[in-house]
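Each remark here refers to the structure printed beneath this line.
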Amino acid sequence: MLWDLGKRELRQKLKGGAMSTYILRKDGTAITCLKCARTSHNMEDVRNLYCGHCRLFHVPADGEPKLVGCAMYVYQPGAREPQIVNIRLPVVPSLDDLRKAVLPQLNATYFEHVNVLFEGAAADMFVDETGHHSHRPRNELATMIYRAAWLDAHPADDPEDLPWIAGPAVVFGRRVWS
Ligand SMILES: [Zn+2]
């Protein structure tokens with residue numbers, strides 16, 4: 001396992017060539033630079049394949065899909081806190097990638113994308129497109145997240161006049177919607 005190798009061994013492996021200059025951890029939460037053997041848990045570094053010590057962007061290894069770690073915060077109606085699901089997705093996920101990741105969490109056939117604020121930053125929320133139509137229960141936490149973003153831009157509006165979220169909701173820890 002490369003994670004257990006010392007710096008000298010890593011350098012020797014690199015000199016042997018035919019090897020990528022980095023290793024992404026399987027769960028996508030860290031990147032190890034094989035030039036300096038340093039590991040970064042900074043998600044910006046993981047996403048960009050960047051080493052802050054060497055100050056270089058690694059070139060994605062041939063044939064290796066550039067998947068990066070990503071957290072989904074799944075809000076169920078009635079739950080007091082989100083369930084965190086860590087997955088790996090392409091840097092710019094396709095609609096199909098997002099469907100595969102999100103729909104099982106929503107237990108839905110179609111999703112609707114909503115721009116929200118999450119921990120102060122713009123984020124992507126996905127909800128069941130037919131949640132209201134299917135009479136799914138009101139999701140208090142997701143509704144608050146949704147309304148917070150709206151009220152930030154429209155402070156004069158009454159929160160209770162705004163739509164509410166019906167059914168589960170998924171918020172991503174990074175931007176995935178383009
Ligand atoms: Zn490095």
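Annotation: cysteines of the chain without a disulfide-compatible partner (Cβ-Cβ under 4.7 angstrom) are Cys36, Cys70. When Rg and the Kirkwood Rh are both derived from Cα coordinates, the Rg/Rh ratio for the chain amounts to 1.10.
Solvent-free Debye calculation, one equal scatterer per alpha-carbon of the stretch 68-172: log10 I(q)/I(0) at 0.10, 0.12 Å⁻¹ equals -0.26, -0.38. Per-residue ellipticity at 222 nm computed for the chain from its helices equals -7000 deg cm²/dmol, with DSSP H segments shorter than 4 residues left out and the rest contributing -39,500 (n - 2.57).
Just so you know, all these numbers are worked out from the coordinates, no wet-lab data involved. The structure displayed is predicted, hence computed values, not measured ones. Ideal geometry is used to build each Cβ from the backbone, glycine not excepted, and the neighbour counts take in all protein chains shown.
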